[in-house]
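Data block below; observations after.
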Amino acid sequence: MSLKRAGGRLGVLLGATGCALAVTTAAFAHAEISPPVAVAKKGQLFSLAVPTEKEDATTTKVELTPPQGFAIDSFVPARGWKRDVQSTGSGEETVVTKVTWSGGKVPAEEDALFQFLGSTDASKTYSFKVRQTYSDGTVVDWSGPESSDTPAPTVQSESSLAGGGGSKTLEIVALALAGLALVVAAAGLLGRSGRRTLA
């Protein structure tokens, strides 16, 4: 095989890799809560990332409404943001019903990031409602189905993670492996063509 033909195939492979990465990036340009899979009834650190997608505005406010059965115990301070928490009950019976972060200025292509300690009370899928406000007054409700342009962030709670993971985790692993396979194939193709040319 000539070096020219090998270079052409390498270009196709790298182009396919670029397209896959572009699709992956677009797929994750949503409000997300991570980890997407959690152990039921076990406290852990969760992160909420909300992307700023408008070029001429900044994200100035984010509201999070947790689903029933998801308990928020405490928050990690978010620098540059003011936090307002609505709750019911008191003491150990306190239930956070809504939290609002305001006063931030997150520009385009960056995420507003908030962290909190939380736990789930059962093995099921928890769907959160997120409301994002921009500096120009535009509001985005991240509360739609998974197939929509504004899907609600979800967490799949399992009794144990030893037996597997949720569909989102499998999708991420599959995409990562596919990208790695393309890179390895491209490197192998280039190496073989180089050896044949030298021979």
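If the segment from ASP136 to ARG83 were pulled out straight at 0.36 nm per residue, it would be longer than the present Cα-Cα gap by 17.0 nm. Each Lys or Arg adds one and each Asp or Glu subtracts one; over the other residues with Cβ under 13 Å from the Cβ of ALA71, this totals -2. Counting 0.36 nm for each residue step from ASP56 to SER159 and taking away their Cα separation leaves a gain of 32.7 nm.
Once C-alpha pairs closer than 8 Å and six or more residues apart are averaged by separation and normalised to the residue number of the range 37-161, the relative contact order reads 37 percent. Which residues does the label zone of GLN115 cover in the range 39-61, counting backbone N under 13 Å from a point 7 Å along Cα→Cβ? Backbone N within reach: 44-49.
A simple rule links phi to the HN-Hα coupling: the Karplus curve 6.51 cos²θ - 1.76 cosθ + 1.60 with θ = phi - 60°, which for the range 148-155 gives 7, 6, 10, x, 6, x, 10, 10 Hz, with x for Gly and Pro. Sorted into 5 angstrom bins from 0, the C-alpha pair distances of the range 37-161 split as 2, 11, 20, 22, 20, 14, 7, 3, 1 percent.
Taken together, the values in this text are just the output of simple stated rules run on the coordinates, not laboratory data. These figures come from a predicted structure and were not determined experimentally. So basically every Cβ, Gly included, is an ideal-geometry build from the backbone, and we count neighbours across all protein chains shown.
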